[in-house]
Amino acid sequence: MRLFSIPLMDCAAEESEIRAALDSVPGVRALSFRLAARTLGIDAPEEVIPQALEAIRRAGFEARPAAAAGPGGRADGRAGADADACGHGCHGHAHGSAHDSAHDSAHDPAHDPAHDSAHGRGAPAFPRRPLFALLLALSAELLAFLAPAILPFQLAGMSIAAVAIWLAGFGTYRKGIVALSRGRLNINALMTVAVSGAFMIGEWPEAAMVMSLYAIAELIEARAVDRARNAIGRLLDLAPETAEVRREDGSWQRAGVATVALGAVVRVRPGERVPLDGTVTAGESAVDQAPVTGESIPVDKATGDQVFAGTINQTGSFEFRVDAVADGTVLARIVHAVEQAQGSRAPTQQFVDRFASVYTPAVFGLALAVAVLGPWLGGWGVAESLYRALVLLVIACPCALVIATPVTVVSGLAAAARHGILVKGGAHLESAGALRTIAFDKTGTITEGRPALVATDILPSAQDEARVRRWAASLAGHSDHPVSAAIARGLGEGAIPEAFRALPGRGVEGRVDGEALVLGNHRLVEERGLCSPALETRLAAHEAQGRTVTLLATPHEVLALFAVADAIRPGAREALAELHALGVRTAMLSGDNAATVAEIARQAGIDDARGSLLPEDKLAAIEDLQRSHGPVAMVGDGINDAPALARADLGIAMGAAGTDIAMEAADVVIMNDDLRRVPDAIRLSRSTRAVLRQNIGIALAIKAVFLGLAAAGTATMWMAVFADMGASLLVVFNGLRLLKANGMRHAGRAVSPD
């Protein structure tokens, strides 16, 4: 994918214009927009790239090659803006004004909002140009109100107003003229026409005030939007920039993480952050994994365990072998995946874009009709007709509508990722709330994925219980069979058996404390003639629950039964109960035998259990559930369940802290395999959809009220600006509420982006 910098691409509306321009270029396979960095990735054959760049140029934007950006938007893979673009990274439909007025501070890293907040410093000083423009606009208003209506004072007032407009709105004018020259009626075009018209009909103080207020409101809005757009990128700053690496002579040296190679050994001391992904080779510690998985409880790490960049070492020192370079860590891949998700448009955003493409020209036409027909049909003077038309233009600007969806969606994506739920697009974030059924794989999803000792049944005999347990542990501890290993883990240490040997297909035998013993399956006990009706009853009770039963016996009697099963995951029952409370049906699709699947489903509280399914059978089951119940999600491990994950309306992978296969297979990845994140994701999706509806309702309601005032002739240009920018600010701050993720009950401690 080729990456290009587009300095004038500031907002979702301009993204839509570029997207529309490239839709007509054959051969363009995919587009990846990063508005915060003002970059566009184009996936197309090399011979198609010049055509795509020409289409962008015809749309009124300049595109130039940018350095290959890693996760976070910069060539070095760290969070931030593209080096060739404005570092401010903000939103702005009339962003030229904000961009120009803050240009110096934007290009100075010491004054970059993202840089400051990421490193714990306060926000930069508010740009002086719009504030100075507002002061001049107020002076022009006072001069017009207090000074005599004579030519010198009028010329002075017009001059002051013109300077204020130039300071606050030069960028808006520049972009507005380009848009008008190309027949595009965007917010810049509307503001250019409205302010110029007001100035020409003698409302020069009001024109200056409108442009100044507009520029200041845009800057406030831009900084608010930055919170959403930078919330993910700042996660990368959680990983330290240096690592303590072991040299060939055994000494330790600090080195930049970008220079650390695969296989290098890195040391992490207590209180330090882990710089890269790797496998522990020496030492033990507890590690806070909240930045990656959202877990609120530290996880114990020892030799052989994985550690992830950005997590916090808490108690002891340890060494680990580097398994991924800086741009390939789980943290970097999370950021990259969410940035790609931000480039895809949610269904609501697509609807709003289509609506705005019709709404804006219609408003412009209506304003033109008011200006032309007002003197004839309304009996207004020419100046009054023009003024009402200009007020109408400013009030009806679709800023709030256009910005309502991307800010809300990005906030939702950021909130999810910060809590260990990786959602790979706004469409998936929206669709989760509409789910009616969720189907789960059994092994490794509902259950732990490895056998465990779940019941011990000591039969009446002359031996005491402790001795029976010790004998069973002695034989099980020397068998390599998974069921025996589960029994050994459950019973603890035993003795070393004598004359130990395996009995293929049956079990093992040996002598402990001088007693001849066997530890084996039902068949072995039957062959030894030790079965009885009472024993068969006990065996049947365990087998009916899907358990594998192993028996310990002497040559004369059975001493104990040990039931092994794949235990249900901690939190699984709670997650399923929450899904039911949310009105979501549950199903389990498994290749295991039907009896075991039915019993696990009963224990977990699952509505519909289907066993003995091959991958193609799971696919058919998903289609059946879709026909019967509507939108269906599939939750699996991202490997064996790939066909079902792909066919479901939403694929959710248990990510095991971000395995590559899980990230590729599903639409949503649960980073720490906690099933309780599934209802969390649904709650967040429903909250996002509710906020989207609220934002669209707020924007339309405010427009309707002030359009009514404009029709009655009581609205002024000031009121128009407050109606337009007030609505925009309201929807932005409403969307930012999602960053708090209040509805995510089990997501642990959030990693604050500030």
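The values are calculated or read from the model by the stated rules, or taken from the named source; none is laboratory data. Only a predicted model underlies this, so the values are computations on that prediction, with no experimental measurement involved. Heads up, the Cβs are rebuilt from the backbone with ideal geometry, glycines too, and the neighbour counts pull from every protein chain shown. Just so you know, the surface numbers come from the protein's heavy atoms only, side chains and all, with ligands and any DNA or RNA stripped out. Shrake-Rupley method; radii C 1.70, N 1.55, O 1.52, S 1.80 Å.
Among the residues making up segment 430-469, those that are crowded, with 17+ Cβ neighbours inside 10 Å and either part of a helix (DSSP H, G or I) or in contact with a His (Cβ under 6 Å, 6 or more places away or on another chain) (or both) are GLU430, SER431, ALA432, THR437, LYS442, THR443, GLY444, THR445, ILE446, VAL468, ARG469.
Looking only at segment 316-343, residues that are part of a loop (DSSP other than H, G, I, E, B) and modelled with pLDDT under 80 come to 1 in all.
Within segment 694-720, residues that are without any contact (Cβ under 8 Å) to a residue 24 or more places away in the chain reach partners that are buried (at least 21 other Cβ atoms within 10 Å of the Cβ) and in a loop (DSSP other than H, G, I, E, B) with beta carbons closer than 9 Å, at six or more positions or on different chains, in the pairs GLY708/ALA715; LEU709/ALA715.
So is ALA207 under 16 Å from ALA161 (Cβ atoms) and either touching a Lys or Arg at 6+ places or on another chain (Cβ under 8 Å) or modelled with pLDDT under 90 (or both) or not? Taking the combined requirement at face value, the residue satisfies it. Within the set LEU645, LEU589, the sole residue that is buried (at least 20 other Cβ atoms within 10 Å of the Cβ), within 23 Å of ALA434 (Cα to Cα), within 30 Å of the chain's Cα centre (by Cα) and without any contact (Cβ under 8 Å) to a residue 24 or more places away in the chain turns out to be LEU645. For ALA133, are the conditions met, namely being at pLDDT 80 or above, out of contact with any Pro (no Cβ under 9 Å at 6 or more places or on another chain) and crowded, with 24+ Cβ neighbours inside 10 Å? So ALA133 fits the description; yes.
Per-residue answers, yes or no, for (1) at pLDDT 90 or above; (2) part of a helix (DSSP H, G or I); (3) of a type in the set (D, E, K, R); (4) farther than 30 Å from ALA727 by Cα:
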| position | (1), (2), (3), (4) |
| --- | --- |
| ARG234 | no, yes, yes, no |
| GLU244 | yes, no, yes, yes |
| LEU262 | yes, no, no, yes |
| GLY271 | no, no, no, yes |
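Out of ASP441, ASP513, one residue alone is farther than 28 Å from GLU599 by Cα and either in contact (Cβ under 8 Å) with a residue 24 or more places away in the chain or out of contact with any Cys (no Cβ under 9 Å at 6 or more places or on another chain) (or both). It is ASP513. You will find that of LEU524, LEU530, LEU535, LEU519, the residue that is in a strand (DSSP E or B), open to solvent by less than 60 Å² (accessible area, probe 1.4 Å), farther than 30 Å from PHE440 by Cα and of a type outside the set (S, T, N, Q) is LEU519 and no other.
Residue count for segment 611-638, restricted to those that are modelled with pLDDT under 90 and touching a strand residue (DSSP E or B) at 6+ places or on another chain (Cβ under 9 Å): 7. Screening LEU619 against (1) open to solvent by 20 Å² or more (accessible area, probe 1.4 Å); (2) closer than 18 Å to GLY444 by Cβ; (3) of a type in the set (A, V, I, L, M) leaves a single unmet condition, (2).
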